[in-house]
Structures are given as C-alpha cells and as structure tokens.
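Presented below is the structure to which this report refers.
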Amino acid sequence: MTKSFADTSSSLFIRTGKESCEKFLGKFLDIRIRPFVLRVTGGCGLMTPEDAIGLQNVRNALTGGPRGRKSLPRFTGFCLFGGTRMVNRYNPRIIVPGVTEVVPPLNKFCPGSKTLGIIAKVGDMKHSRHGIIVSDECDKSKPKEEQYVTIVHPDQDSTLLVQPSADRYASWHDEANECIEICDHLRKGHWKGLMLVYNGGGVVEAEIQKWGKLGQEDPFWQVLIVDGSGRKADQYARDEQFKLDHPTIHVCSNTEEDIRAALLKLGALVYEPSTLFKKNGKNGK
C-alpha cells in the first residue's frame, strides 16, 4: 500500500506549563523497543567547522558505520535530542552542521530505535514552506553564508514542543530540563540511561553538571563526553577533579572506533542477535 506524505509525517505535540502530555509519553510504551533512553546533546550554531567534522564519528558509531553494517553494533532504544535543524537563512537547502543532525539517521539504520525531539519555544514561531521556524536569532551582521534559522527537524518520530504559556517564551535550558524530567520518569521504571555530549556551550555545561550531580546518587545518570569535540565538552572531559567527584562521567576520544567502544560498554549499542550468535561461534556447524 502506497503511503502519502501525511502517513509518513511525524507527530507534533505541544505542552504548556506543567500540564502532562500523555500522548507523547505514551511513545515510551512501545514494547518493541528496548527500555534504554539515550540523550544526545551538544553544540549547534556556535560550533566551528573543525569541530563539526567529528559529528560524523558520532553518527557512524550510533548507526553501525555510514551504511549501517549489520556486523557492527547499533543503537536500540529511545533517543531524546533537540529536535531541530539549522539551515542557511538565504538558502534553506544548505544544512548547518550541529549535534541534532546525528540522531535522525537512526530512523533509517537502526530499526530498533525511536527518535524523539524536545523543542523549547524560545520566541515567536513562524510557518514557512521550508518548515516551522523555531528561532531566527543569529548575528545579522555576519555574511549571508553564515546566517541561519532553526526549524523543526523534518526527520524524527515525534516532537514535543514545550512552552510556559501561549504568550510567554521558554529558554534553551527548558529543553535540557524536560529531558531530565522524562529520563527521571523512565529511571523509576528501572530503565537504563546515558547522555552523550559533543561540543556545546553554557546550556550544555549546565546539563553536564546536573547529570553529574544526579549521578552521585543514582548510577542511572551515566554521561559520555567526547574529548576533542570542542568547547565545554573538552573542558569537562579534561577536568580530572570533576570526573573524580562524579563517578558517572566517562570520556572517549573523538574517533568513530573509540565512541563506538564506549557506547557499547555503557550499554547504548547492541549487536543483532544473528551477529552475536556468530560472534560466539554458535553458527550451527
């Protein structure tokens, strides 16, 4: 049966204030998906081109390489991320690199996963033929090729937009706080969790600190920081005292192989059953 564009569109939910959005939370009840939640966070608009190159390492580590090789472990579970995409303000076909681009490929290469976006309404939203514009806050004094807008990412299973009220704005911190609330709800259901950090600024720094503090009380709050990804990630990856004080903080280098090994060790990646069967030498011969 041929599907229309409406059939393949992702769901969009809006949560106002402290009200509950049971339909979005119901996405976590899919028993076909492993009870593991991965929070992916990090840099977006202020990431340098040099730091952005390594995003491919994260993407490949999660999806089993650039083509989703079945012989490599892949992510299975629920993945929470920012749910946005940055595009050039004057040519929306140009995608600006950011951490939110490493999650949507899971939809194609990781059939045992769901991608769930959390977006904070940080200003007046606009509807355009290129998607819903979440934010148009960029430095207009920069050259046109460096200006961008933030839109709702078109490739995700479901999206939750959070706002204090119809007339009041949220902040980017509200995305991180919402993810913590959701993860805490899942923690109480005996799920496993992990936050993967690549690059990032002040908002990401606050999120690292919150997960680190929570991890002092409960091992659910595992954090993997990619060293060599730039900015706040590098700062905390190299802070020996911080890591000593927060036992759930882990660090890996910015290579596909090292990120994959760390994700596998922390339980985010799994081998397909048939692959694991062969790896154990039980191929029936």
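The values are calculated or read from the model by the stated rules, or taken from the named source; none is laboratory data. Remember, it's a predicted structure, so these values are computed and weren't measured experimentally. Because the Cβ atoms are built from the backbone with ideal geometry, glycine has one as well, and the counts that use them run over all protein chains shown. What goes into the accessible areas is simple: the full protein's heavy atoms, side chains included, and nothing from ligands, DNA or RNA. Shrake-Rupley method; radii C 1.70, N 1.55, O 1.52, S 1.80 Å.
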task = Give, rounded to the nearest 20 debye, the magnitude of the charge dipole that the stretch 1-128 has about its Cα centre when Lys and Arg contribute +1 at Cβ and Asp and Glu contribute -1 at Cβ.
result = 380 debye
inquiry  = Place a point 7 Å from Cα of Arg32 in the direction of its Cβ. Which residues in the stretch 100-118 have their backbone N less than 12 Å from it?
reply    = 111-114
message = Translational diffusion coefficient of the stretch 148-285 at 37 °C, 0.692 mPa s, Stokes-Einstein with Kirkwood Rh over Cα pairs, in µm²/s as a whole number.
response = 190 µm²/s
key: Dipole magnitude (debye, nearest 20) for the chain, charges at Cβ of Lys, Arg, Asp, Glu   = 1360 debye
Peptides 224-230, 28-34 ordered by average Cβ neighbours within 10 Å, highest first = 224-230, 28-34
ask   = Mean separation of Cα pairs under 8 Å and 6+ residues apart, divided by the residue count of the stretch 13-120: what relative contact order is that in percent?
value = 31 percent
task = Please report the relative contact order for the chain, taking Cα pairs under 8 Å with a sequence separation of at least 6, and give it as a percent rounded to a whole number.
result = 22 percent
query = Which cross-chain or sequence-distant (5 or more) residues have an amide H under 5 Å from the amide H of Gly267, H modelled 1.01 Å from N in plane?
reply = none
request  = Provide the three semi-axes, in whole Å and in decreasing order, of the ellipsoid equivalent to the stretch 127-194 as defined by the square roots of 5 times the Cα gyration tensor eigenvalues.
outcome  = 30, 15, 13
request  = Excluding Phe78 itself, calculate the net charge of residues whose Cβ lies under 10 Å from the Cβ of Phe78, where each Lys or Arg counts +1 and each Asp or Glu counts -1.
outcome  = +2
message = Based on C-alpha coordinates, I'd like the Rg and Dmax of the stretch 16-161, in Å.
response = 16.1, 50
Whole-Å distance, taken between Cα centres, linking the stretch 98-128 and the stretch 172-228 = 17 Å
key: Share, in percent, of DSSP beta bridges within the stretch 1-115 that are antiparallel, nearest 5   = 25 percent
ask   = Got the relative contact order for the stretch 72-160 handy, in percent, Cα pairs under 8 Å and 6 or more residues apart?
value = 37 percent
inquiry  = Taking the Kirkwood radius as the inverse of the mean 1/r across Cα pairs, report the Rg/Rh of the stretch 101-224.
reply    = 0.99
inquiry  = Leaving out ligands, DNA and RNA, and with a 1.4 Å probe, what % of the accessible surface on the chain is carbon or sulfur?
reply    = 53 percent
ask   = Given the stretch 65-212, what percent of its DSSP beta bridges are antiparallel, to the nearest 5?
value = 55 percent
key: Reduced Cα scattering model of the chain, Debye log10 I(q)/I(0), q = 0.08, 0.11, 0.13, 0.14 Å⁻¹   = -0.33, -0.64, -0.90, -1.05
remark   = Any residue on another chain or 5+ positions along whose placed amide H is under 5 Å from the amide H of Phe13 is listed here as Thr159, Leu160, Leu161
request  = Per DSSP H run of n ≥ 4, the term is -39500 (n - 2.57); total these for the chain, divide by its residue number, and report the mean residue ellipticity at 222 nm rounded to 500 deg cm²/dmol.
outcome  = -8000 deg cm²/dmol
ask   = What is the ratio of the Cα radius of gyration of the stretch 94-165 to 2.2 N^0.38 Å, where N is its residue count, to two decimals?
value = 1.24
Accessible area expressed per residue, the chain, with surrounding protein chains retained (probe 1.4 Å, Å²) = 51 Å²
inquiry  = Can you list residues from other chains, or at least 5 along the same chain, whose modelled amide H is less than 5 Å from the amide H of Tyr148?
reply    = Arg89
task = Per residue of the stretch 43-53, in order, report the coupling 6.51 cos²θ - 1.76 cosθ + 1.60 (Karplus, θ = phi - 60°) as ³J(HN,Hα) in whole Hz, putting x for Gly and Pro.
result = x, 10, x, 9, 6, 6, x, 5, 6, 5, 4
message = Counting only GluC sites (Glu not before Pro) that sit in a DSSP loop (anything but H, G, I, E, B) with at most 15 other Cβ atoms within 10 Å, what is the longest stretch of the chain containing none of them?
response = 20-136
Length gained when the stretch Met125-Cys138 is fully extended (0.36 nm per residue, less Cα-Cα span) = 3.2 nm
inquiry  = Report for the chain the percent antiparallel among DSSP-assigned beta bridges with both residues inside it, nearest 5.
reply    = 30 percent
request  = Based on the mean of other Cβ atoms within 10 Å per residue, sort peptides 9-15, 58-64, 260-266 so the most packed one is first.
outcome  = 58-64, 260-266, 9-15
